[in-house]
1. Can you find, among Ala160, Ala454, Thr418, the residue sitting farthest towards the positive end of the charge dipole of the chain, where Lys and Arg contribute +1 and Asp and Glu -1 at Cβ?
2. How high is the relative contact order of the chain, in percent, counting Cα pairs under 8 Å that sit 6 or more residues apart?
3. Compute, for segment 225-354, the length of the dipole vector about the Cα centre, with Cβ point charges of +1 (Lys, Arg) and -1 (Asp, Glu) only. Units Debye, rounded to 20.
4. If you put +1 on each Lys and Arg Cβ and -1 on each Asp and Glu Cβ, how big is the dipole of segment 208-274 around its Cα centre, in Debye rounded to 20?
5. If you take the charge dipole of the chain about its Cα centre, with +1 on Lys and Arg Cβ and -1 on Asp and Glu Cβ, which of Thr478, Ala42, Pro391 is farthest toward its positive end?
6. For the chain, what is the mean residue ellipticity at 222 nm derived from helices alone (per DSSP H run of n ≥ 4: -39500 (n - 2.57); sum divided by total residues; nearest 500 deg cm²/dmol)?
7. Determine the distance separating the Cα centre of segment 171-196 from the Cα centre of segment 312-375; give it in Å without decimals.
8. Between Ala249 and Arg50, what is the label-to-label distance in nm when each label sits 7 Å out along the Cα-to-Cβ direction?
Amino acid sequence: MSHDHDDRPGLNAAQAEAALNPPPGRVGGDLVTETLQGLGAATVFGVSGRPAPGLSGALRRSALAYVELGAENNAAFAADAYGRITGEVAVLLLTAGPGALAALPALQEAAAASAPVLAVCAQVPAAGLGGRRHGHPRELRDQQASFRDVVKSVHPVRTASQIPSAIAAAWESALTAPHGPVWVEIPEDVLRAETVLPPVSALDATPRELYPRPELTLVAADLLARAARPAIIAGGGVVRADATGKLRALAERIAAPVATTYGGKGAFPWEHPLSLRSWPGDPRVTELLEAADVLLVVGSGLGALSSGGHTFAPRGRVVQIEADAGKLESNHPALGIHSDAREALDALLDAVEPREDATAADRVRTTLEAAPDPAAAAQGPGPDAAQGLSPDARVLAAVRAALPDTAPSFWDLTPLTTRAWSAFDTRRPNTMHSAQGAGGSGYALPSATGAAFADPTTPVLAVTGEDDAPHTAAELTTARRYGLPVTWLIVDGDGDRGDGGDGDHEDRDGGPDALRPDLVALAESLGVPALRSTPASLATDLTTALRAPGPSVIVLRAR
């Protein structure tokens, strides 16, 4: 019996020489950086001056660009954004114990958004593992346990020879649908110890394809072709799978109205005749979806945020396509198809018969006209189109007028953001991102920083409420140090509420405003241009800032 080994990776002359005569001075950390480079990484994220032990020298000896942020959680948010924008694995380096734990909320956010983040974390020396409690600094009895329920997979390392295989396995896991954060844990003494192992030269970490079962595709195609009132809900899985074109083709083939979840914004063109836009929203849109005799849900588990707090109650047959098997039928009985959205939609396009329905677009138009949302009208071409709208609508109109279609934006969880989920036309998929999984403050600015590293030629917008801005203002120094095109829009509390507030923020001696920092002065003290804006001048101010090189800050006083 013979075997064909032609597909095995080989070595060139220089690699062969290095394998037989490894260069001196290498440590376990070099195996980490060599493996990452071999897998295609170019940029890694971490904390200023404190990469994991054994990695400082290895990073200097490598071709990897080490991006330094001010805190572990911010570095993890930046890696998350880098992974979302590029679709590639974003590498995060963490120290043991408190440093690792600080990144936990950001990794939970990455898990909720299916962002491919590979966290390489140090661990106490191998002799202290297994709860031996030798009292090492940063010692946790079971560090993995803190992350196992958040990340997609955990890959512990105990010896230097395990490093390349563990990182390659984690890389593959991060990129296999559903994408997600993964965890590699390496003892500090293994990272620091000299190694005689040859340089890492060739690795295979090809993600596994997740195809739909053909018999399920056949049933789903038949249901959709025979449906009288089909409808589609598209979630973030469509965007992550780069399947927006296939979604549009299927919707047009079966004449099905399409709504997107907040995580799926941009999955379907906002102005398309079949577009119900972002949902959950007006009860009339919900009624149209609930009344569908066949409802196709693609790339969403219809969790609380995507179903009006689990109030959504479809009355027809549900077909659910989801890459995360645990989300199949987790909220509604369905024909569950475990598959990547792109592969499943491609299979449906091959199998489904065209369905004629000249009334579908009319029903969509009638539904939207009967469900006017003041903020939804803020999608006009400029600020003049926003006259007479609510304060939030005027802000969103100004942002839309100033923000280039291809520019990504990152939003902290504020009342303005919740309105933007429903009302803001992203115009391009994968351009609006917000804190949804962990829900904590301080997401927007470090995430925008990571996105700027993904594409330094495109401006990036971060949107934050004034009360949350001080939490991450220090990362302005990161944007300034690297000259990143990040514009930070800080909206005051009254602007967030949009209705003028209830007077709690009046400037009174000893009142809440007296305790607020001067954010313009703070930004300027860090060497970042800053100004105060109003709703009337916001579109112009944002346009100028987004076109300027380097970072900038705009503080919007909406009252």
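1. It is Ala160.
2. Values: 1262 pairs, mean separation 68.0, N = 559.
This gives 12 percent for the chain.
3. Details: 13 positive and 15 negative charges, 46 e Å.
In total the dipole reaches around 220 debye.
4. Numbers: 9 positive and 6 negative charges, 15 e Å.
Roughly 80 debye, rounded to the nearest 20.
5. With unit charges placed on the Cβ atoms, the residue in question is Ala42.
6. Details: 22 runs with 198 residues, N = 559.
The helix contribution divided over the chain gives -10000 deg cm²/dmol.
7. 37 Å
8. Simple spin-label model gives 5.0 nm for this pair.
The values are calculated or read from the model by the stated rules, or taken from the named source; none is laboratory data. Since the structure is predicted, the reported quantities are computational estimates derived from the model, not experimental observations. Positions of Cβ are backbone-derived with ideal geometry, glycine not excepted, and every protein chain shown enters the neighbour counts. Heavy atoms of the whole protein, side chains included, go into the accessibility calculation; ligands, DNA and RNA do not. Shrake-Rupley method; radii C 1.70, N 1.55, O 1.52, S 1.80 Å.
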